[in-house]
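One structure is given below, encoded as structure tokens.
The values are calculated or read from the model by the stated rules, or taken from the named source; none is laboratory data. Being a predicted model, the structure only gives us computed values, none of them experimental. Glycine gets a Cβ as well: all are built from the backbone with ideal geometry, and neighbour counts include every protein chain shown. Protein only, heavy atoms only, side chains kept; ligands, DNA and RNA dropped before computing areas. Shrake-Rupley method; radii C 1.70, N 1.55, O 1.52, S 1.80 Å.
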Amino acid sequence: MGYQNVLVTVAVAADSHRLVEKAVSIVRPYRGKITLLSTIANPEMYNNFAGPMLGDLRALMEEETRLFLEELRLRAGYPIADTLIVHGELGDSLNYASSRQPFDLVVCGNHSDSIMNKVSCSAARFINASRVDVLIVPL
């Protein structure tokens, strides 16, 4: 039996198309579902002096992410069941998404060539605590 319900973590980056292609190739033979998840860092982390502009920055980041997820959905060549935009760290976002719906595979990309990132990726907390298979795709 193949994977039926796959969560794909994407960023607003061209490499995310490869992650979606990989997920589609995994679920297509079994007519499985794909959910796209993108995390947005809280703008408060970038500038403590922005004050009133933070609301506008958050809305702008969400709109950019929503438009990119729609582009991924349209270019996937396969139905995308759902999209999620979550604020915060990847590990927390994965835990949140998994609590909403059971997934049997999570697909993540590794966007860095640094040795430290290869040893300790941002999904490590989720991987260590999860009972779900995780596929890390080098990008």
Once you put a point 7 Å from the Cα of residue 81 and another 7 Å from the Cα of residue 66, both along the Cβ direction, what distance in nm separates them?
2.3 nm
Long-range amide H partners of residue 4, meaning residues 5 or more apart or on another chain whose placed amide H is closer than 5 Å, are 104
For residue 10, the residues 5 or more places away or on another chain with a placed amide H closer than 5 Å to its own amide H are 37, 38, 39
Accessible-area order (highest first, 1.4 angstrom probe) of the listed residues 9, 83:
83, 9
How many nm is it between the label spots at residue 13 and residue 139, if each spot is 7 Å from the Cα in line with the beta carbon?
0.4 nm
Computed accessible area, residue 63, all protein chains, 1.4 angstrom probe, square angstrom:
80 Å²
HN-Hα J in Hz across the stretch 19-32 - Karplus 6.51, -1.76, 1.60, θ = phi - 60°, x for Gly and Pro
5, 5, 4, 4, 4, 4, 5, 7, 8, 3, x, 10, 6, x
Calculate one ³J(HN,Hα) per residue across the stretch 76-87 by plugging θ = phi - 60° into the Karplus curve 6.51 cos²θ - 1.76 cosθ + 1.60, and present them in order as whole Hz with x for glycine and proline.
5, x, 7, x, 9, 5, 7, 10, 10, 10, 10, 8
